[in-house]
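Here the structure comes first, spelled out in structure tokens, and everything after it is commentary.
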Amino acid sequence: MEIIAAYPKQRFLPSGYFAYDASEDIVNYDPIGIKTNSGKLALLHEISHAMLGHFHYRFDFELYAMEMDAWNKTRELANKHKLNINEEYINACMDSYDEWLTKRGTCPKCNEFNVQNKPNEFKCYRCLTRWRVSEDIQSSIRRIVIK
Ligand SMILES: [Zn+2]
Ligand SMILES: [Zn+2]
């Protein structure tokens, strides 16, 4: 709670999960989770997104870059709050993004990994299948084939 008190200009909501809602400029947090060190890091991570003004991304690699930036900022804030920086936790979070990006970019037809050609859309360079992906990181990875 002392972390939240340190950011009086930021709005916080005890939603039960950690996420920064850029459209409302609200940091959602888990009031039970923040009692642990990783929970505190997760909270600082979302605060970092808010402080860096992360708003919207169009391409997956932009999201990945934002995540890296946010973790760098989190390390800085963690020092300020005298928290242990759990690199393993940070790596696990980045790995889950990696996995997410890999799943999205993998062709549903031939399993070839592709880079994004349009926001929320991929086209396989090998078999020319096109598919759409959801914009929302929280929602499951859905690949919808476009005919
Ligand atoms: Zn993040
Ligand atoms: Zn393919």
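The values are calculated or read from the model by the stated rules, or taken from the named source; none is laboratory data. Because the structure is predicted, anything quoted here is derived from the model rather than measured. Glycine gets a Cβ as well: all are built from the backbone with ideal geometry, and neighbour counts include every protein chain shown.
Which of the residues that make up the range 43-93 are touching a Ser or Thr at 6+ places or on another chain (Cβ under 6 Å) and small (Gly, Ala, Ser)?
Ser48, Ala70
If you take the residues of the range 52-64 that are without any contact (Cβ under 8 Å) to a residue 40 or more places away in the chain and surrounded by 13 or more Cβ atoms within 10 Å (Cβ to Cβ), which of them is farthest from the chain's Cα centre (by Cα)?
That would be Leu52.
Quick check on my filter: what residues within the range 39-64 are modelled with pLDDT under 90 and either farther than 14 Å from Tyr20 by Cβ or assigned to a helix (DSSP H, G or I) (or both)?
Passing the criteria: Arg58, Phe59, Asp60, Phe61, Glu62, Leu63, Tyr64.
List the number of the failed condition for Glu88; all other conditions in (1) away from ligand 1 (no atom under 11 Å from the Cβ); (2) closer than 18 Å to Ala22 by Cβ; (3) of a type in the set (D, E, K, R); (4) surrounded by fewer than 19 Cβ atoms within 10 Å (Cβ to Cβ) hold.
All conditions are met except number (2).
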